[in-house]
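Written out below as structure tokens is the structure these notes cover.
Derivation of every value follows stated rules applied to the coordinates shown; laboratory data play no part. Source: prediction; values computed, not measured. A quick note on method: Cβ atoms are made from the backbone with ideal geometry, for glycine too, and the neighbour counts reach across all protein chains shown.
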Amino acid sequence: MNPEEAFDKYHGAVFEFAYRIARRADVAEDLTQECFLAYVRAPERYVESRGTVKTYLFSIARNLALKHFRDHRALEPLEAEDPPGADPRRAIEVSAAVERAVAGLPPLQREALVLFEYSGVTLEELAAIVGADVGTVKSRLHRARERLRRALAPYGKVGNAHG
Amino acid sequence: MDENDELSDRELDRLLRQWSAPAPPERLRAAVFPEGRRGWWGRFWSGSVRVPLPAACAAALLLGLAAWRSMAPPARVVVVRTVAAEVPRFQPVLELRPRIVKAEDAAN
């Protein structure tokens, strides 16, 4: 797969991953651009026997995101508290609550959850992207979901009550 | 909050789906694949040529002159017709016989 085909196929998913990690569209755009430029400039670095183009691109995006947040010291878990006056019944409030809850996860759990739940990667692909074994990423996913289950409990009950 | 208040897997999945992300901007492609990376036809249709200002001025002047000349009225063509003179019983001199005449004879 040449870089243009890879871009057409995966740039949306890479951008979405970067956005959900960074929570800022401008940072996500920079990370996505850098990710594909790295592939365009040195396509020979991709070795087919090590994995798919998809996992390779997500690995680059993940490393760029980690570097970005190391430089800007912004990957620390955020407070998952609701802002004062938030109305959990409104859909926009639910969306914001989910965003805050995910942002409140520890970095390794956060990236695992975002990649698995939103980017559609398999457990094996996730393990290859983050450079861990499948058992480790399963454990991270489980802990992330447990945290989210508690943090988002009020929204689930309200959502059910209102259909 | 007791354990019964926690979300089921299905409820959690439903909530997670409510967080949407924006679409990637269109300009991303141009940022990753600038003009130089386009194909031959792409460069042909969107390419540009830099011309030095004096050369551009000279070309514009020549074009202007050519346009002016093409718009000017065509030069008048004068057709001169020659008519052959016809003199009846005219015969050209076949042999010249010069004759020297004396002055006193000339006076006569």
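Of the residues that sit in segment A:41-56 and are surrounded by fewer than 16 Cβ atoms within 10 Å (Cβ to Cβ) and in a helix (DSSP H, G or I), which one is farthest from the other protein chains (Cβ to nearest Cβ)? The residue in question is A:S49. Selection over segment A:100-121 of residues that are in contact (Cβ under 8 Å) with a residue 12 or more places away in the chain and closer than 17 Å to A:V134 by Cβ gives a count of 10.
Only one of these is crowded, with 16+ Cβ neighbours inside 10 Å, within 11 Å of chain B (Cβ to nearest Cβ) and not hydrophobic (A, V, I, L, M, F, W, C): A:R20, A:R24, A:R62. Name it. Of A:R20, A:R24, A:R62, the one residue that is crowded, with 16+ Cβ neighbours inside 10 Å, within 11 Å of chain B (Cβ to nearest Cβ) and not hydrophobic (A, V, I, L, M, F, W, C) is A:R20.
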